[in-house]
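Only one structure is covered here, and it is reproduced in the block below.
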Amino acid sequence: MGCARRSWFPLAALGFALLVMVAVEVVPGGIEAAQGYQPSPNWYGLGTGGVGGTGRPAGNEVRAVAVSVDPTPATKLGWLAGLACVVLAVAAWYWRELRPPRPGRFLLGTLGALAAVPLLDLAGALQLRLGGDVRGALLATLGLLLAGYERSRLLLAVAGVFALVATVFLPPVAGALAAAGVLFAAAFAVLLRPRPDGPDAA
């Protein structure tokens, strides 16, 4: 994987995954809003069945309301599924491009990367108490930093901008869209950059 020009595909794959994640989040919300508000049934019913009815629940009608005290907010975007798909897509692309001489090690590395996504997300939730969308963006940033295996300064700069846009400056959905724009711009920059060792180089 030592050619920096190959980094365009992981960048584009992550950008496309972000667009899909945003679409999955936004489209159902728009459908629900178009359908209008549907009031939920009255928990208290019309009365207790006693004389005159008080409007209060009877003994067996009392419902306990569970209040979440989890300090880490749930993810708004499907980061785990999106990142897992990116890992598989990038692994398949590199497999086709490089034809690794040791396919067993390549497959083990791919499985290890897939297993690391939920494990690192769980560690971020339990140990660092980070929100779901922050954890997902940081996992994606870690993947971009590990792509420094491509020995590209551009990837390091993109990882920094990606982390700031996706976690600091904007809310989850807007941040994901802006981060996708950063990734696509970087992918095009990699593709359009002239090859230092000739047009026939890998």
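The values are calculated or read from the model by the stated rules, or taken from the named source; none is laboratory data. All values derive from a computational prediction rather than experimental measurement. Backbone-built Cβ (ideal geometry, glycine too); neighbour counts: all protein chains shown. Surface areas here come from the heavy atoms of the whole protein model, side chains and all, with no ligands, DNA or RNA. Shrake-Rupley method; radii C 1.70, N 1.55, O 1.52, S 1.80 Å.
Go through the range 93-116 and give me each residue that's surrounded by 13 or more Cβ atoms within 10 Å (Cβ to Cβ) and more than 25 Å from ALA176 (Cβ to Cβ).
Looking only at the range 93-116, we keep the residues that are surrounded by 13 or more Cβ atoms within 10 Å (Cβ to Cβ), and these are 93-95, 97-98, 100, 106-107, 109-110, 113-114, 116.
Answer for the range 93-116, where residues must be surrounded by 13 or more Cβ atoms within 10 Å (Cβ to Cβ) and more than 25 Å from ALA176 (Cβ to Cβ): TRP95, GLU97, LEU98, PRO100, PHE106, LEU107, GLY109.
Conditions (1) open to solvent by 50 Å² or more (accessible area, probe 1.4 Å); (2) aliphatic (A, V, I, L, M); (3) more than 21 Å from ALA17 (Cα to Cα); (4) in a helix (DSSP H, G or I), marked per residue:
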site: THR75; (1), (2), (3), (4): yes, no, no, no
site: ALA91; (1), (2), (3), (4): no, yes, no, yes
site: ARG129; (1), (2), (3), (4): yes, no, yes, no
site: ALA159; (1), (2), (3), (4): no, yes, no, yes
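What about ARG96, is it part of a helix (DSSP H, G or I) and over 22 Å from TRP8 (Cα atoms)? Taking the combined requirement at face value, the residue does not satisfy it. On inspection, ALA147 fails the criterion of being out of contact with any strand residue (DSSP E or B) (no Cβ under 7 Å at 6 or more places or on another chain), at pLDDT 85 or above and either at negative phi or among the β-branched types (Val, Ile, Thr) (or both). Applying a threshold of 7 Å to beta carbon distances and a minimum spacing of six or more residues, or different chains, the list of pairs starting in the range 92-111 at a residue that is touching a residue at least 60 places away in the same chain (Cβ under 8 Å) and ending at one that is surrounded by 10 or more Cβ atoms within 10 Å (Cβ to Cβ) and in a helix (DSSP H, G or I) reads TRP93/PHE9; GLU97/ARG6.
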